[in-house]
């Protein structure tokens, strides 16, 4: 089948038809062989039974009177039976009968009766054309029935049944009855010929039937294909029809609809991302143009020019951070960001980062405390992990009021190093918690007023954590604060996962 596909590409329906055709051919071949063998065995058994019954019928009319074998009652049923004198006239000096080369074993009666000394007493003319083995005479003389296939002088096969003639447990003769196997062979040949004639027609009908059934079976897939061709990127709300039958086609349709739904969400997220990025990029550009237009439209003092330049520098710095974050996420989506994997002490990274933000925390009158710092060795990129810790700390400080507290801890849980950042800030509403890691997403207006970020920090944090084969979760209550937990595999677990990947 593969060789056929290489030289003659065929469709699935044609392939199914060919497979069905091959299966039907093999089944028909097996059926024909088994049917022929069973028929031959059955016909042979029937022939043997008929010979045995016929032998018993003839033997019932044979008697032994004073050492002479007499055939009674059934003489009329044995045409061509000759007496002892006729037999002797056609026998050799040693008592063996002369074979009749012209005897017709097909239509003649095949019966021979022998005396206890093995010499023929009565024999039909057709029987004289047989080559009879000596065992067919010696075995019945020893009380053993002999049955087998012999051949005539013209090459025809004959089934022979040889049985002893007994009186008072004494064998006084042998009776042999034969039947030509020509009719049996003719019957078997007719059966084989009919199978050879009928077989191609059955295979032809099975080919058309299997092709038609394959076409009907692929009907739902054809409709699914047509619907899929009508779906465009601009209209991903349409779905392919799902058949009611619980089969592979239904699974394919459901999988296809799930894929379209994921694409729809991805395109929607991409469109929203482009719109948000455009808005965020336009804001600093518009601010810079507004400041420069104001200064250019009127005369200003050098001090005013310096102030405007400071404002422009701030906006440019904000714009640079935005572009840098966008590039990081874009490269992450394309899988082009390479991480420098090496063993790191997460607890020591937390201590180093905390030292850099203590000044900012004191300016905002926020207490930063270190909880338990368990020694935790992880495999990762130092710069990216520091970025995670800084972003989470900056996020906690931004949404914590004056006099509040931020606590950091590193604990070991289930072969993972867990970084816990807990604050006593304003918290996150339940409906916002599942969206805070989305790009450019901002929670309620209260959080938006407090922080001036652009909504990419937590998205980058999530990407870095996932790149390190870790997880990040958040627990929060409005007015009571939030707890962010980053779980990273320990160095041994991380190296094993990296080898698997």
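The values are calculated or read from the model by the stated rules, or taken from the named source; none is laboratory data. Predicted model, so just to flag it, every value in this text is computed and none were measured. Please note: Cβ atoms are built from the backbone with ideal geometry, for glycine as well, and neighbour counts cover all protein chains shown.
Quick notes on this structure:
- Among residues of segment 230-254, those that are at pLDDT 75 or above and exposed (fewer than 13 other Cβ atoms within 10 Å of the Cβ), counted: 1
- When residues of segment 360-380 are limited to those that are in a helix (DSSP H, G or I) and free of Cβ contacts under 8 Å to residues at least 40 places away in the same chain, the one surrounded by the fewest Cβ atoms within 10 Å (Cβ to Cβ): 363
- Failed item, numbered, when residue 167 is tested on (1) surrounded by 11 or more Cβ atoms within 10 Å (Cβ to Cβ); (2) touching a helix residue (DSSP H, G or I) at 6+ places or on another chain (Cβ under 8 Å): (2)
- Criterion (modelled with pLDDT of 65 or more, touching a helix residue (DSSP H, G or I) at 6+ places or on another chain (Cβ under 9 Å), in a strand (DSSP E or B) and within 20 Å of residue 415 (Cβ to Cβ)) met by exactly one of 474, 486: 486
- Residue in segment 70-92 that is modelled with pLDDT of 75 or more and surrounded by 14 or more Cβ atoms within 10 Å (Cβ to Cβ) present: yes
- Where residue 221 falls short, out of the listed (1) within 23 Å of residue 36 (Cα to Cα); (2) at pLDDT below 85: (1)
- Against the conditions (1) modelled with pLDDT under 75; (2) farther than 30 Å from residue 236 by Cα; (3) in a helix (DSSP H, G or I), residue 288 satisfies every one except (1).
- Check on residue 199, in contact with a strand residue (DSSP E or B) (Cβ under 8 Å, 6 or more places away or on another chain) and not in a strand (DSSP E or B): no
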